[in-house]
Amino acid sequence: MNLRNVLLAAALMTPLFAQPHFEVATIKPSGPPDFEHCSGDGPSPGRMSWKCATMGDLIQQAYGVFANGAMATTPKPVRLLGEPRWFTSEPFSIEAKAEGAPPVNLMAGPMLQSLLEDRFQLKVHRETHEQQPVYSLTVAKSGLKIRALTETCKPLDLTTLMQRQGPPPADTCASRQMRVIRETTPPSIVLTTHAMTMSQFADTIAGFVDRPVLDKTGVAGIFDFRLEYSADRNSDSGPSVFSDVQQLGLRLESDKGPVEFLVIDHVEKPSEN
């Protein structure tokens with residue numbers, strides 16, 4: 001075999017895009033969560049840590065918020081199929097170190113995916129199932145009660161946001177901020193957003209209800225939204241997401257539609273090393 005054929009064969013056997021990975025990582029069960037040992041420092045150059053994170057939490061981050069190595073502006077909750085019970089009941093603490101100083105978005109997304117696939121033997125695939133229970137976001141018969149914004153907003157600067165370790169500036173496109181009002185019984189959550197499209201708003205409130213939310217308003221433009229609802233999803237007292245959207249001239253209606261699932265084909269609990 002001549003040199004040209006040797007080089008061609010080597011190229012064919014080498015993946016075109018190697019999945020980025022951490023150089024070293026330790027994974028340990030973290031026990032019952034408490035503030036003292038579940039809080040920790042933020043990411044530092046080439047290092048990431050996850051404290052008291054369940055496998056469900058880690059998957060939401062790795063395959064949802066940072067799935068493609070960039071932070072999603074309005075990430076949709078990852079809907080799982082085939083996950084074992086311990087996914088949401090057994091927390092882990094992870095310390096991981098990368099070669100060099102890759103960006104946080106890469107470490108929290110593709111590199112965390114590689115870690116889960118290696119140490120938890122995680123194997124997944126995505127499927128879209130039709131005619132699944134969803135909520136449709138529609139305009140109420142009384143009409144929309146909010147006006148589209150005419151001013152411009154600042155694009156989200158992911159690098160600055162990750163360095164801030166906090167919410168984005170209030171004038172950022174599709175920004176969202178949450179605060180808890182503990183004086184009410186039960187406590188309330190106030191969600192305020194700036195310069196979101198109806199589709200982005202639908203994706204945002206999907207994290208606070210039990211089904212995906214599809215935008216069927218047919219309304220263009222960007223809007224400011226404010227919701228105040230009970231922090232206790234099982235409570236019948238206090239405002240809810242469903243009643244609050246009505247104050248905006250919108251409705252959440254039960255419906256059927258396509259839903260994407262992340263299917264867990266295989267997973268194992270990791271050894272402590």
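Contact annotation: no residue pair with Cβ atoms under 8 Å, 6 or more positions apart or on different chains, pairs a residue in region 125-152 that is closer than 18 Å to D224 by Cβ with a partner that is among the aromatic types (F, W, Y) and open to solvent by 70 Å² or more (accessible area, probe 1.4 Å).
Taken over region 40-98, the criterion of being of a type in the set (V, I, T) and either without any contact (Cβ under 8 Å) to a residue 24 or more places away in the chain or touching a Lys or Arg at 6+ places or on another chain (Cβ under 9 Å) (or both) is satisfied by T74, I94. Of the residues that sit in region 100-143 and are within 20 Å of the chain's Cα centre (by Cα) and small (G, A, S), which one is nearest to F22 (Cα to Cα)? Checking each candidate, the answer is S114. Only strands (runs of 3 or more DSSP E) whose full extent lies in region 38-106 are considered here, and the ones with at least 1 residues that are among the small types (G, A, S) are 47-54, 91-97.
Only one residue in G64, G109, G69 is touching a Leu at 6+ places or on another chain (Cβ under 6 Å) and either of a type outside the set (D, E) or surrounded by fewer than 16 Cβ atoms within 10 Å (Cβ to Cβ) (or both). Which one? Show your work before the answer.
On the way: G64 fails: touching a Leu at 6+ places or on another chain (Cβ under 6 Å); G109 fails: touching a Leu at 6+ places or on another chain (Cβ under 6 Å).
Going through G64, G109, G69 in turn, just one is touching a Leu at 6+ places or on another chain (Cβ under 6 Å) and either of a type outside the set (D, E) or surrounded by fewer than 16 Cβ atoms within 10 Å (Cβ to Cβ) (or both): G69.
Taken over region 34-60, the criterion of being open to solvent by less than 50 Å² (accessible area, probe 1.4 Å), at pLDDT 85 or above and either more than 20 Å from D118 (Cα to Cα) or within 20 Å of the chain's Cα centre (by Cα) (or both) is satisfied by M48, S49, W50, C52, A53, T54, M55, G56, L58, I59.
Quick grid of which residues meet (1) outside any loop (DSSP other than H, G, I, E, B); (2) touching a helix residue (DSSP H, G or I) at 6+ places or on another chain (Cβ under 8 Å); (3) open to solvent by 30 Å² or more (accessible area, probe 1.4 Å):
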| residue | (1), (2), (3) |
| --- | --- |
| R176 | yes, yes, yes |
| T192 | yes, no, yes |
| F201 | yes, no, no |
| R211 | no, no, yes |
| L214 | yes, yes, yes |
| L248 | no, no, no |
| S254 | yes, no, yes |
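Taking region 142-166 as the range and being loosely packed, with under 14 Cβ neighbours inside 10 Å, part of a loop (DSSP other than H, G, I, E, B) and at pLDDT below 85 as the test, the residues that pass are P155, D157, Q165, G166.
Given the condition at pLDDT 95 or above, among the small types (G, A, S) and more than 21 Å from the chain's Cα centre (by Cα), answer yes or no: does some residue in region 223-240 qualify? Looking through region 223-240, none of the residues is at pLDDT 95 or above, among the small types (G, A, S) and more than 21 Å from the chain's Cα centre (by Cα).
The values are calculated or read from the model by the stated rules, or taken from the named source; none is laboratory data. None of the values given here were measured: they were computed from a predicted structure. Here Cβ is always computed from backbone atoms with ideal geometry, including for glycine, and neighbour counts include all displayed protein chains. With ligands, DNA and RNA removed, areas are computed over all heavy atoms of the protein, side chains included. Shrake-Rupley method; radii C 1.70, N 1.55, O 1.52, S 1.80 Å.
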